[in-house]
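Here the structure is laid out as structure tokens; the discussion comes afterwards.
The values are calculated or read from the model by the stated rules, or taken from the named source; none is laboratory data. These figures come from a predicted structure and were not determined experimentally. Every residue, glycine among them, receives a Cβ derived from its backbone with ideal geometry; neighbour counts consider all protein chains shown. Note: accessible area is taken over every heavy atom of the protein model, side chains too, but ligands, DNA and RNA are not part of it. Shrake-Rupley method; radii C 1.70, N 1.55, O 1.52, S 1.80 Å.
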Amino acid sequence: MTASIRLSGAAIVMLASWAQSLGAQEPSKTESKTEERQPSWGLTTAIGTGSSGGDFGEVLRTPIAGDFNLFRNKGAWRFGFGVSFTSFKMEEPYKTEQEWGFQQTYLFATRMLRNEGSSIRPYIQLRGGLARLHPRSELFAFEPPPEEPGDSPTKASNGFSIGVIPGVEIRLNRSLALDLSGHINYFSVSEYDLSPIGLAPKSSGTTYEGRIGLRWHPDDGWPSGPAEPGSPDKQRDAWGVGKNLGWGIGEALAINWGASALNEYNRNANFNQISPRSWWDNLETGFTYDDNQFKTNQLIHPFNGSTYYNAGRANGFGFWESSLFALGGAFFWECCGETHPMSFNDMVSTGIGGVAYGEVAYRLSGEVLNNSATGKSRFFQELGAMFIDPIRGFNRALSGRWGREHENPSEPLDWRPLEKRSFLVAGARVIGEGDSITNNTKTYPYLALDHSFGSVFENERRKPFDSFNMVAQLSFSEKQPLTVWRLRGDIYSKPLGKSGNHAFAIVQHFDYYNNLAYEFGQQAFGPSLFSRFKLTDKLGLRLRLDGSFAILAAVNSDYSFVAEVANRERFREYDYGPGLGGGVEANLTRKGRPLLSFLYRFYWIDVSNGSIFNEGEEVDLPGGGTLTLEGSDATHYLHAPGFRLFVPLFGSMGIGADAFYFLRKSYYDLPLLRDTDQRNPEARVYVGFDIGGR
């Protein structure tokens, strides 16, 4: 769906960010204030409307365009690239039909006719590039309909466009200017069949627009490299990266722009014919829910959010500031990246989930990196870090940090925490259905990693995610490989008492469980209590108590197909709702290594979208037809107990076995709907390696 293409949006940064920054160079100390050095890089955004002509002028009218571009200054010239999103309404008698989308991806050259000495600076711009005209009206839907949900039912027409833009900038300050301009544009595309409205094919057109916008020259441009002797002082993070707002915003925009281009040109998606019209419609409509697949909403969207987050984190910003990048990038896409109405569930999973996903990716990539390494080991370390955190890896490559020797962070928690542990297992998992594991049994080979970073007991510093836990599970022959992705990071923590054996934390929870038997995911926060006890010289006991409030949780459900969603393209198999949860974990350790473990987790979900509906509401049935509903509320109770036994054999290697049970009890107010108990027992056997510890 939308997010699967946005995965590639992160890679587009590598191309779209050839401009190397959005920034401006500060004047040197030797320059006077009246001889300010010209900024090197900038961004322009504009909105415009007007009229259309040419062949398509007989069909299309009232273009409304949104335009974004990046440029570099070369004396009196500016050179850059950009994207433009335009829509046309249709002429009578089709003015109520959905608009046509018109996307242009272009290169441009701008000649500043006055570049200094005045706050009013006229210019002339020439641009040319790719053009794509794409109707949304069902009048042009083709048969047979598309096979995949989200694919466009109408065909697009590709070609080129050229344009000239005379304009004037009114300088507001050194970084910002008001931009007023006109746009005369000619485009030519392959002939489009207009027989559905009784016209001959058309292939060319013109637009005439008046535009208003802003030109912005943010900070100093390049992603910050290692500090040079005698270089200006600037605030730098633990890895020596200076804050760079322009570069961070530029990367976040490039991710979305790249996704838009791929959605339109590669996938021919039905939601990408965007323009200021669709942006305004989305803002007027507000937030809804969607019907995307569980993996798309609960895993891929958080990955997208992690790229927004690391557009901030990899450019010198801290946890809280980077969280704004995640939320801002998510909102920008929901508002302006697609014609579908904004999705509340996407906003939560992308924005909130992206923070947890992004910070863990940033910390894990830091564990791989070593600024003092050289040769092949350095290359593969940098490559591995880029795989974990693509945005950070790209910045390191571009800024020169990839290959140069320089200092590593002085604080272990920014690099190699003194307390960390990795538990890697390979084995088989057997899952059943009902009360017996022998009922409808399925067996899957699997790999799993349980990684702990820092210690809530030992950490001297207590920034967000200075202690976190990550669990990942790959199951082969399942419906998709990644079946578990669980993150728990301490947002705030403090020791309790003087012994150092008790601690309190506020924890962010990210849960994703997706297998053929059940689905569960959530974005949640809550308090946790930790304790450790020394039983004998060799044995110890660790306890953890969790409470959580889920902003939004998702679980598979029997009647979720009645969910009220926007632009239905499939029947969703899971419910959404806020909820409460709790858990307890007890670990018996021998010489600091886990020996016997018990856990129990409980979740209560109050359905807000899914198996809940209003009296008199009509819904489509999966097999066809409609059903008039009498009204119902729904709640889900989830129980998940489990045991683990791990027997060390030699060194860090051992063998283990797990027993796990998933129970979902679902209750519906309407007697017509049957209350449900879903039970799935599971057993695992494996060879494991317990690595780490202080």
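Can you tell me the accessible area per residue over the stretch 256-354, all protein chains present, probe 1.4 angstrom, in square angstrom?
Details: 2640 Å² over 99 residues.
Per residue, the stretch 256-354 has 27 Å² of solvent-accessible surface.
Relative contact order for the stretch 620-692 using alpha-carbon pairs under 8 Å, separation at least 6, rounded to a whole percent?
This gives 30 percent for the stretch 620-692.
Report relative contact order for the chain in percent, whole number only (criteria: Cα-Cα under 8 Å, sequence separation at least 6). Numbers along the way, then the final one.
Working: 1838 pairs, mean separation 62.9, N = 694.
The normalised contact order for the chain reaches 9 percent.
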Discussion item. Placing unit charges on C-beta atoms (Lys and Arg positive, Asp and Glu negative, everything else neutral), compute the dipole magnitude of the stretch 102-144 about its Cα centre in debye, rounded to 20.
Written reply: 320
Worksheet item: For the stretch 314-384, what relative contact order do you get, as a whole percent, if you take Cα pairs closer than 8 Å and at least 6 residues apart?
Response: 26
Worksheet entry | Net charge dipole size for the chain [Lys, Arg +1 and Asp, Glu -1 on Cβ; Debye, nearest 20] | 3200
Response to the item:
For residue 190 and residue 405, extending 7 Å from Cα along the Cα-Cβ vector and measuring point to point gives, in nm, a value of 5.6
Worksheet entry | Accessible area in square angstrom per residue, the stretch 570-629, 1.4 angstrom probe | 47
Discussion item. Could you check the spin-label model distance between residue 235 and residue 541? Points 7 Å from the Cα along Cα→Cβ, value in nm.
Written reply: 4.7
Practice prompt. Under a cut-off of 15 Å between alpha-carbon atoms, report the aspartates and glutamates in cross-link reach of residue 376, not counting same-chain residues fewer than 8 places apart.
Written response: 405
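Report Rg(Cα)/(2.2 N^0.38 Å) for the stretch 504-609, keeping two decimals. All intermediate terms of the calculation are to be shown ahead of the outcome.
Details: Rg = 18.1 Å, N = 106, 2.2 N^0.38 = 12.9 Å.
Scaled against compact globular proteins, the figure is 1.40.
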Item to complete: Net charge near residue 49: determine it from the other residues with C-beta under 13 Å of the C-beta of residue 49, scoring Lys and Arg +1 and Asp and Glu -1.
Response: +1
Worksheet entry | Listed residue (602, 336, 368) projecting farthest to the positive dipole end of the chain, Cβ model | 368
Worksheet, complete the sentence: Treating only Lys and Arg (+1) and Asp and Glu (-1) as charged, each at its beta carbon, one finds that the stretch 343-488 has a dipole about its Cα centre, in Debye to the nearest 20, of 300
Worksheet item: With point charges of +1 on the Cβ of Lys and Arg and -1 on the Cβ of Asp and Glu, referenced to the Cα centre of the stretch 405-482, which listed residue (427, 469, 415) lies farthest in the positive direction of the dipole?
Response: 427
Worksheet item: In this model, which of 479/665; 463/498; 243/494 are farther than 26 Å apart at the alpha-carbon?
Response: 243/494
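Pulled fully out, how much extra length does the chain show between residue 113 and residue 604, if you take 0.36 nm times their separation in residues and subtract their Cα-Cα distance?
170.2 nm
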Worksheet item: Using r as the Cβ-Cβ distance of residue 533 and residue 566, and R0 as 35 Å, what FRET efficiency do you calculate, to the nearest 0.05?
Response: 0.10
Worksheet, complete the sentence: Length gained if residue 266 through residue 91 is fully extended, taking 0.36 nm per residue and subtracting the Cα-Cα distance, is 60.1 nm
Worksheet item: How much length is gained if the chain between residue 472 and residue 614 is pulled fully straight, taking 0.36 nm per residue apart and subtracting their Cα-Cα distance, in nm to one decimal?
Response: 47.2 nm
Discussion item. Using the basic label-point model (7 angstrom from Cα toward the beta carbon), what is the residue 447 to residue 643 distance in nanometres?
Written reply: 3.0
Discussion item. Could you tell me the center-to-center distance, by alpha carbons, between the stretch 124-148 and the stretch 616-657 in angstrom?
Written reply: 41
Discussion item. With unit charges on the beta carbons (Lys and Arg positive, Asp and Glu negative) and the dipole taken about the Cα centre of the stretch 37-148, which residue among 119, 144, 50 sits farthest to the positive side?
Written reply: 119
Fill in: Protein accessible area in the chain, 1.4 Å probe - carbon and sulfur %
60
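Whats the longest run of the chain with zero chymotrypsin sites (Phe, Trp or Tyr not before Pro) that are DSSP loop and have at most 12 other Cβ atoms within 10 Å?
Numbers: sites that count: 142, 476.
No qualifying site falls inside 143-475, the longest such stretch.
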Discussion item. Using only the alpha-carbon atoms of the chain as identical scatterers, what base-10 log of I(q)/I(0) does the Debye formula give at q = 0.05 Å⁻¹?
Written reply: -0.29
